[in-house]
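Colleague: Dropping the structure in here first, questions after.
The values are calculated or read from the model by the stated rules, or taken from the named source; none is laboratory data. Not measured: the values here are computed from a predicted model. Using ideal geometry, Cβ is built from the backbone for each residue, glycine included, and neighbour counts are taken over all protein chains shown.
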DNA sequence: CTTGACATCCGAAACGTTTCGGGTTAAATT
DNA sequence: AATTTAACCCGAAACGTTTCGGATGTCAAG
């Protein structure tokens, strides 16, 4: 079938050991011999069999990432697309490949993690979208397998692992205060499912913003959605149905904000005039939306790149200068939040 | 370290062979024994070592894909992002993982292919963006390794492999005729680099469209770009600098069309009124652009899914009902092409 | 002439799995 | 009672590589 060390050994007249060492760049093989062996290897089109290598426990030069396929397909413009791009670019720069599995969270998902980790297919893993008491983190810690996380644990839980996160509590506080400063007194909120770790941070940030703005928190101004467009649509429908006083809606991510905009527009209302809308993430679609979306910017692509650099450092056993990075968010004002109202 | 068959064998009192066969679902092991072994395996958290399996030549349940990292990073909204999403979703549905390597075309790139194929890391490969006399196709055919391609070979070259492509010659003919029908008499074209296989199809389609519209083909109305926004920007700058008569520019893909729009707007001209613009692909950003982009729609996501289904059929040794699929393109008219002119 | 150092090479074991070709026992058949 | 059959089990080889622990030969130093 494929050429293997044995073939090169036979053709060159040396032993398998010597061929392996010659190709491996060891210095206890004569330079002439090495050249000869390399010549034979090239002429036969030799390519090492990686499973055999990995069986010996060597590096796979591969980073694993499991993408939650929520229900439907993962949308082409969302958070993960961008994160993946950052991770992929940084990985390729270091000659690492990416092993990707898209999985619906649940039983199957952990099996995917086990396959990658225990199955010895990857040197390290990138996790995203931390959940409450995240079993994936527990598993990887227990296995002491290198990993990095996009997003820290929920408030009150242990954060004893390397992560990069954006201070979304600050983000939501800023957004809420901004809405208050525009004159809004009744501000709705669409949160992600409660099992997502950052839900609490965003919830708290919203409360803080209201408080600083001198407004009262009302639980019935808060809806929950599935982080997709559809969830934002339904969340906004619900809020608009039950809370006629609302003049602003903040969604926990851009995709839901876009869904909320559809809901508002579907009722014949105008986004930015009748109801102000804001999101979180600043995905590319935010800029191109009609009207363009006011949002909190997260440097998702850069986070992906930095995560890979952290992960590779861990894999190589280097010390991390910063293992837990909390980035400050930035408000991006566009048309969807409208202008100051009475 | 990790639990292996040997551990289960020792703990359960059976041999490695029997454990393997019990777990593998063979019918020559007593049902009670099997249950007992499965119990022990679970209690030890057993996960098979995949390299060891693959070394025996078994399926890797993995599909490989190499993404050309043009120069810079691959943009988050482009063709590949969508294709990847389609491929990923379809693969996960069949419990296949994806091994992705982003590479700059050239020497390194072929090494990546060899690593995946000869290195025995994937069961099959998905190629995209065919080039002239594509060495990747030659290699995979020679290795008789399962693969499918998004995009057929250039005109005149052999197409003896499974692919899905959109009839881009027809696409460009339609676009060009559409521009003519709007009254344009001087229509510029921005083509991809000549090594890309579909460049000739699009070039020919443009010529056909001109001919049917009764216009003469002029080589100096044609510019080339790198398929990125920047290439479209430069291509449009060049055309506008040298050909003041132009009232329309067709770009070979949406990303370049968006770049061309920036160039036009940068000169204080209005897209759709002063210069009509059209693209090709209908990526999500096309719809959200200002003005929204007139383009030819390619069902990229679906193509990704169908490619995976074809590839898995090949891997399983099934007969393909259709191995070479040519889809008909669809014109999507939006604001960037403006309205009828004098 | 012996010893040691050095350069160069190699045999064999190991990694964890699957699978071929049996083996053993007990029940069923002659 | 002898033979066949079926059910269940297992030893050992194989996959292709890396690497430990030498082996061999040459040459300079003692």
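Colleague: From the list A:56, A:93, A:21, A:34, which residue is at negative phi and away from DNA strand C (no atom under 16 Å from the Cβ)?
Modeller: The unique qualifying residue is A:93.
Colleague: Considering every residue within the range A:60-79, establish whether at least one is within 15 Å of DNA strand C (Cβ to nearest atom) and either free of Cβ contacts under 8 Å to residues at least 24 places away in the same chain or surrounded by fewer than 16 Cβ atoms within 10 Å (Cβ to Cβ) (or both).
Modeller: no
Colleague: Right, here's the next one. In the range A:271-290, which residues are closer than 20 Å to residue A:183 by Cα and either buried (at least 24 other Cβ atoms within 10 Å of the Cβ) or without any contact (Cβ under 8 Å) to a residue 60 or more places away in the chain (or both)? Show your work before the answer.
Modeller: If we filter the range A:271-290 for residues that are closer than 20 Å to residue A:183 by Cα, which is where we start, we get A:271-279.
Once the filter is applied, which keeps residues that are closer than 20 Å to residue A:183 by Cα and either buried (at least 24 other Cβ atoms within 10 Å of the Cβ) or without any contact (Cβ under 8 Å) to a residue 60 or more places away in the chain (or both), the range A:271-290 yields A:271, A:274, A:275, A:276, A:277, A:278, A:279.
Colleague: Let me ask you something else. Just the residues that are on the phi > 0 side of the Ramachandran plot and without any contact (Cβ under 8 Å) to a residue 24 or more places away in the chain, please, taken from the range A:117-165.
Modeller: A:144, A:156
Colleague: Please identify the pairs in which a residue from the range B:43-55 that is more than 16 Å from residue A:54 (Cα to Cα) has its Cβ atom under 9 Å from the Cβ atom of a residue that is in a helix (DSSP H, G or I) and more than 7 Å from DNA strand C (Cβ to nearest atom), counting only partners at least 6 apart or on another chain.
Modeller: Once the first residue is more than 16 Å from residue A:54 (Cα to Cα) and sits in the range B:43-55, its partners that are in a helix (DSSP H, G or I) and more than 7 Å from DNA strand C (Cβ to nearest atom) give B:43/B:11; B:44/B:7; B:44/B:8; B:44/B:11; B:45/A:114; B:46/B:7; B:46/B:8; B:46/B:40.
Colleague: Need at least 3 residues that are away from chain B (no Cβ under 14 Å) and within 22 Å of residue A:127 (Cβ to Cβ) per element, so show me which helices (runs of 4 or more DSSP H) inside the range A:241-342 make the cut, counting only ones lying wholly within it. Before you say what the answer is, go through the steps one by one.
Modeller: Details: elements: A:254-266, A:284-288, A:300-315.
So the answer is A:300-315.
Colleague: Can you find, within the range A:120-144, the residue that is farthest from the other protein chains (Cβ to nearest Cβ) among those that are closer than 21 Å to residue A:57 by Cβ and surrounded by 20 or more Cβ atoms within 10 Å (Cβ to Cβ)?
Modeller: By that ranking, first place goes to A:124.
Colleague: What helices (runs of 4 or more DSSP H) completely inside the range A:1-66 contain at least 1 residues that are more than 12 Å from DNA strand D (Cβ to nearest atom) and either touching a strand residue (DSSP E or B) at 6+ places or on another chain (Cβ under 7 Å) or more than 10 Å from chain B (Cβ to nearest Cβ) (or both)?
Modeller: A:5-12, A:31-44
Colleague: Right, next: Going by the structure shown, is residue B:204 surrounded by fewer than 18 Cβ atoms within 10 Å (Cβ to Cβ), at negative phi and modelled with pLDDT of 95 or more? Don't jump to the end; show me each part of the working.
Modeller: Numbers: surrounded by fewer than 18 Cβ atoms within 10 Å (Cβ to Cβ): yes; at negative phi: yes; modelled with pLDDT of 95 or more: yes.
Yes.
Colleague: Here is a follow-up. What's the number of the only condition in (1) modelled with pLDDT under 95; (2) touching a helix residue (DSSP H, G or I) at 6+ places or on another chain (Cβ under 9 Å); (3) on the phi < 0 side of the Ramachandran plot that residue B:316 fails to meet?
Modeller: Unmet for residue B:316, out of (1) modelled with pLDDT under 95; (2) touching a helix residue (DSSP H, G or I) at 6+ places or on another chain (Cβ under 9 Å); (3) on the phi < 0 side of the Ramachandran plot: (2).
Colleague: Separate question: Answer with yes or no whether residue A:240 is surrounded by fewer than 24 Cβ atoms within 10 Å (Cβ to Cβ) and either within 30 Å of the chain's Cα centre (by Cα) or without any contact (Cβ under 8 Å) to a residue 60 or more places away in the chain (or both).
Modeller: When the stated conditions are applied, residue A:240 passes them.
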